[in-house]
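What follows is a short report on a single structure.
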Amino acid sequence: MSRPPVIIGAGPAGMRAAQTLAAYGLRPVLLDEAPRAGGQIYRQPPSGFTRRRTQLYGFEAGRARALHETFASLRGQLDYRPQTLVWNAQPGLLDLMETGTLAASSLSWDDLIVATGATDRVLPFPGWTTPGVFTLGGAQVALKFQGCAIGERVALAGSGPLLYLVAYQYAKAGARVMAVLDSGSMGDRLAALPAMLNQPAVLAKGMYYLAWLRLHGVAVHTRARVLRAEGGARVEALVWRREDMNDAQASPGPEQRIECDAVGFGHALRPETQLADLLGCRFGFDPVQRAQLPLRDPAGRSSVAGVYLAGDGAGIMGADAAELAGERAALALLQDRGMAVDRARIHTLEARLRRIGAFRQGLERAFPFPRRWAETAPDALLVCRCENISAGELRGAVRDCGAGELNRLKALTRVGMGRCQGRMCGVAAGEILAAAAQVPLSQVGRLRGQAPVKPIPIGMHCRQMPHAAPAAAPGEDA
């Protein structure tokens, strides 16, 4: 008898996967690092906080309510383990730590749905480690989870839908948004419009955010390149200029200075793929997302039997697609167990995912990656804050040692060898390596996943979790 399926991540993909498996009579194990289900977009505040859903989720309040209430109704049908970090994964076995007690255990698995979500795509700039500088995701976590802003006068920079969403949420919450600095342009938005018309509601929300910000006096600057954050004990200003980061022939404008006490920045999101890597999933380069991603079929099956990939952890598609992909992966798991599933529903899910995929192509056109970022990054720029590695040191390893692949660069410089294991600096290091070696980004590979995927304390092994083995489903042997 197979063990209950295991799901990693209780965001939109993980929750829908759990709901689907429960509907077919299974009792999955759902592991999540957060104390409450919801993931990043539907993150719930700590128990006892009493903020309205409309304050937390805006247009998504109804969907958040539905998802949270559905999940609450399923609790008796799941082996739900919040505050559980999966810090290592290997064939047939996961290594866990209960973050509240530091209790450690291992969990065997036969079928695994990996729905690990995404994190910020970080392209650093001089001064990015100054206190008061956050990623956009971090700024949003502060607002949703703690109910506070990262500062009183906030400047937001980067690109992608999250930039405008965070600006809107901060302004609505009462923070003073000093400016939005977008590296893209209105011309990019117009060029992307045809591809984005197949999701008119999503497109309308994005246009609403921009219009609302302008209507409420928030300065929005396009083709903006951040030059540096200034300050000492805390950021005091953000210096920028108008510069096309995809056209070296265009002349830059004069420097401009924004007084602020906090900065949020980010260039869209990148998938959390470390666990898929540790599990042995095959990867391939995705030119749209400029990343090496675990390969999967339309149902979410990875290259490893019994491992299914769903949500933004397998490729950035957004929350709506994550729900669909979570359900589709669960149906694939059920099919592979020989269970009869609703084939009409499968057809509907895959059709909707294809439409969102086309919209995603439009988003990448609307918010293009700043391709000149690597060539314009100064040598003194700190890229890896864990190991204190600069852009100049990375270029030196390429020039003097012939490094042409990311893991070779890591061995020579220690970039990506610190606490974050490359989760923050890996993207930037890859871009600088490709630019310095004058090779396509697809040729520099990816930093190999290493356990632990996140920092764990030395005292972790002092205790044992009370539920080291998964509970059996009704009618199943333990």
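The values are calculated or read from the model by the stated rules, or taken from the named source; none is laboratory data. Predicted model only: the values in this text are computed from it and were never measured. Glycine gets a Cβ as well: all are built from the backbone with ideal geometry, and neighbour counts include every protein chain shown. Just the protein is used for accessible areas: all its heavy atoms, side chains included, with ligands, DNA and RNA removed. Shrake-Rupley method; radii C 1.70, N 1.55, O 1.52, S 1.80 Å.
Tell me which residues, restricted to the stretch 176-188, are open to solvent by 20 Å² or more (accessible area, probe 1.4 Å) and either at pLDDT below 90 or hydrophobic (A, V, I, L, M, F, W, C) (or both).
Of the residues in the stretch 176-188, the ones open to solvent by 20 Å² or more (accessible area, probe 1.4 Å) are 176, 178, 186-188.
Once the filter is applied, which keeps residues that are open to solvent by 20 Å² or more (accessible area, probe 1.4 Å) and either at pLDDT below 90 or hydrophobic (A, V, I, L, M, F, W, C) (or both), the stretch 176-188 yields Met178, Met186.
When the residues of the stretch 453-478 are narrowed to those that are open to solvent by 50 Å² or more (accessible area, probe 1.4 Å), outside any loop (DSSP other than H, G, I, E, B) and of a type in the set (A, V, I, L, M, F, W, C), which ends up modelled with the lowest pLDDT?
This residue is Cys462.
Quickly run through the stretch 244-262 and pick out the residues that are open to solvent by less than 20 Å² (accessible area, probe 1.4 Å) and either free of Cβ contacts under 8 Å to residues at least 40 places away in the same chain or in contact with a His (Cβ under 9 Å, 6 or more places away or on another chain) (or both).
Answer for the stretch 244-262, where residues must be open to solvent by less than 20 Å² (accessible area, probe 1.4 Å) and either free of Cβ contacts under 8 Å to residues at least 40 places away in the same chain or in contact with a His (Cβ under 9 Å, 6 or more places away or on another chain) (or both): there is none.
Please work out which one of (1) within 30 Å of Gly187 (Cβ to Cβ); (2) open to solvent by less than 20 Å² (accessible area, probe 1.4 Å) is the condition Arg372 fails and give its number.
The number of the failed condition is (2).
Just to check your reading of the model, which residue among Arg223, Arg228 is open to solvent by 40 Å² or more (accessible area, probe 1.4 Å), modelled with pLDDT of 95 or more and under 30 Å from Met317 (Cβ atoms)?
Numbers: Arg228 fails: under 30 Å from Met317 (Cβ atoms).
Unique residue meeting the criteria: Arg223.
Scan (1) more than 25 Å from Met245 (Cα to Cα); (2) open to solvent by 20 Å² or more (accessible area, probe 1.4 Å); (3) in contact with a helix residue (DSSP H, G or I) (Cβ under 8 Å, 6 or more places away or on another chain); (4) not in a loop (DSSP other than H, G, I, E, B) for the single condition Phe134 breaks and write down its number.
The single condition Phe134 does not satisfy is (1).
Could you check Ala397 against (1) open to solvent by 20 Å² or more (accessible area, probe 1.4 Å); (2) aliphatic (A, V, I, L, M); (3) more than 24 Å from the chain's Cα centre (by Cα) and say which number it fails?
(1)
Can you give me the ranges of the helices (runs of 4 or more DSSP H) entirely in the stretch 362-452 with at least 1 residues that are at pLDDT 95 or above and under 30 Å from Thr84 (Cβ atoms)? Break it down stepwise before answering.
On the way: elements: 373-376, 391-401, 406-413, 426-437.
Helices (runs of 4 or more DSSP H) meeting the threshold: 406-413, 426-437.
Exactly one condition in (1) open to solvent by less than 10 Å² (accessible area, probe 1.4 Å); (2) within 18 Å of Gly127 (Cα to Cα) is not met by Ala380; state its number.
Tallying (1) open to solvent by less than 10 Å² (accessible area, probe 1.4 Å); (2) within 18 Å of Gly127 (Cα to Cα), Ala380 fails exactly one: (1).
Conditions (1) part of a helix (DSSP H, G or I); (2) more than 29 Å from Glu375 (Cβ to Cβ); (3) not charged (D, E, K, R), marked per residue:
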{"position": "Ala149", "(1), (2), (3)": "no, yes, yes"}
{"position": "Leu156", "(1), (2), (3)": "no, no, yes"}
{"position": "Ala167", "(1), (2), (3)": "yes, no, yes"}
{"position": "Gly184", "(1), (2), (3)": "no, no, yes"}
{"position": "Arg189", "(1), (2), (3)": "yes, no, no"}
{"position": "Asn198", "(1), (2), (3)": "no, yes, yes"}
{"position": "Lys205", "(1), (2), (3)": "yes, yes, no"}
{"position": "Trp212", "(1), (2), (3)": "yes, yes, yes"}
{"position": "Glu230", "(1), (2), (3)": "no, no, no"}
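Of the conditions (1) under 21 Å from the mean Cα position of the chain (by Cα); (2) closer than 22 Å to Arg365 by Cα, Asp188 clears all except one; give me its number.
(1)
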